Amino acid sequence: GPLEVRVEDSEDKRFTESFAITGEATAPPSAAAESVPEPKDFWTGPVNSAVPETLTGGTVIRANDVAALVKRGGVVVVDVSNSPPRPEKLAPQAVWLPPPHPVIPGSLWFAGVGAGSVDAGTDAFYRRRLAEVTAKNLDHPIIVYCHERCWLSWNAAKRAIRYGYRHVYWFPDGIEGWRAAGFETSVAQPETAPSVTAVMTRAG
């Protein structure tokens, strides 16, 4: 049938147009068509791809759930997005300022802990920081997220579960889902595992 469009601009000008709509609507792809099973271990494939709808041992939540938990208080919120690398073509002496990183207000940003395989230093860093921010309470609720369609948060949430945390919430819609729901963001700086060089320097 006909589709009538009416537009009014900021100068109170009005426009009306009618369009004839023909043909059959195309049904959106079924959610089941993109259903992804949980891997038995950490995901080591493409980071930015479809993710599972579940996390064994954890709870999948959406933006409104995150907002409710944050408002209630007593929850640790962790962004596990990777930090942007320094541009390769940038001169060594040039100052590089990474773009501001938006997060859910109150989030801690632990970069590098969501990879499918992490080195011993990164694993120790993540385990230690979670222990510090939860006061070593394995029942302390933890929300883990990064971006939409990103495995980093799934891996990091699974890693926290393996550390023994019993109330891990995974927010798969990430910062994009948080913004789309109309919630505000703040800016955070990344925390990363100390490099081997830094450790050797301090030891010396």
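The values are calculated or read from the model by the stated rules, or taken from the named source; none is laboratory data. Computed from a prediction, not measured in an experiment: that's the story for all the values here. Neighbour counts are summed over all protein chains in view; Cβ atoms, including those assigned to glycine, are modelled from backbone coordinates with ideal geometry. To get the accessible areas, we keep the full protein, side chains included, count just its heavy atoms, and leave off ligands, DNA and RNA. Shrake-Rupley method; radii C 1.70, N 1.55, O 1.52, S 1.80 Å.
Data overview
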| item | result |
| --- | --- |
| Members of the range 114-138 found to be among the polar types (S, T, N, Q) and out of contact with any Gly (no Cβ under 6 Å at 6 or more places or on another chain), listed by number | SER117, THR134, ASN137 |
| Tally of residues being assigned to a helix (DSSP H, G or I), over 19 Å from VAL36 (Cβ atoms) and open to solvent by less than 40 Å² (accessible area, probe 1.4 Å) across the range 142-177 | 2 |
| Test set (1) of a type outside the set (S, T, N, Q); (2) at pLDDT 95 or above; (3) surrounded by 14 or more Cβ atoms within 10 Å (Cβ to Cβ) - VAL36 fails condition number | (2) |
| Unmet requirement for ASP139, which otherwise passes all of (1) more than 25 Å from ASN48 (Cβ to Cβ); (2) in contact with a Lys or Arg (Cβ under 8 Å, 6 or more places away or on another chain); (3) in a helix (DSSP H, G or I) | (3) |
| Selection from the range 177-194 of residues that are farther than 19 Å from PRO84 by Cβ and not aromatic (Phe, Trp, Tyr) | GLY177, ALA180, ALA181, GLY182, GLU184, PRO194 |
| From VAL70, VAL66, VAL47, residue being of a type in the set (A, V, I, L, M, F, W, C) and either closer than 16 Å to ARG159 by Cα or in a loop (DSSP other than H, G, I, E, B) (or both) | VAL47 |
| Residues of the range 89-121 satisfying the condition of being in a loop (DSSP other than H, G, I, E, B), under 12 Å from the mean Cα position of the chain (by Cα) and farther than 17 Å from THR192 by Cβ | ILE104 |
| Any hit, the range 178-189, residues being surrounded by 22 or more Cβ atoms within 10 Å (Cβ to Cβ) and under 19 Å from the mean Cα position of the chain (by Cα) | yes |
| Test for GLY106: is it in contact (Cβ under 8 Å) with a residue 12 or more places away in the chain, surrounded by 15 or more Cβ atoms within 10 Å (Cβ to Cβ) and over 14 Å from GLY58 (Cβ atoms) | no |
